[in-house]
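Every read-out reported here was derived from the displayed coordinates using simple, explicitly stated rules and does not represent laboratory data. Note that the coordinates shown come from a computational prediction; the quantities given were computed from them, not determined experimentally. Reconstructed Cβ throughout: ideal geometry from the backbone, glycine too, with neighbour counts over all protein chains shown.
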Amino acid sequence: MSSNRASPVPPDQSLQARFPQIAAQLHPNLNNGVTADEIHANSKKKYWWIRYREFAPHFVWKASVVSRTRKDARMSPEFFRPLQLGGAGRRR
């Protein structure tokens, strides 16, 4: 029987170790039990993410890890700004 899980990720190369803020947005229920310490920080595989919002529905989407961790994605204003009602926080 084969496993869907990849080979172990070195602890210092995991999403959890390198990008804890992004790792915190990994959806807790939609990724078949995969956790941020099992994902390589530069993975091209797509996972489900969630952005919790206090007074609006949570924002859930699927994206590759590398699209979230590459430098240009992390340095964009949207990375640091909470999503707003009406899509004001979406990239154009």
Once you have the Cα-Cα distance between Ser67 and Arg53, take 0.36 nm times their residue separation minus that, and quote the gain in nm to one decimal. 2.9 nm
Per-peptide average of other Cβ atoms within 10 Å, ordering 36-42, 26-32 highest first: 36-42, 26-32
If each K or R counts +1 and each D or E counts -1, the residues other than Lys46 whose Cβ falls under 13 Å of its Cβ total +4
For Ser7, Ser43, Ser64, Ser14, ascending order of other Cβ atoms within 10 Å (fewest first) is Ser7, Ser64, Ser43, Ser14
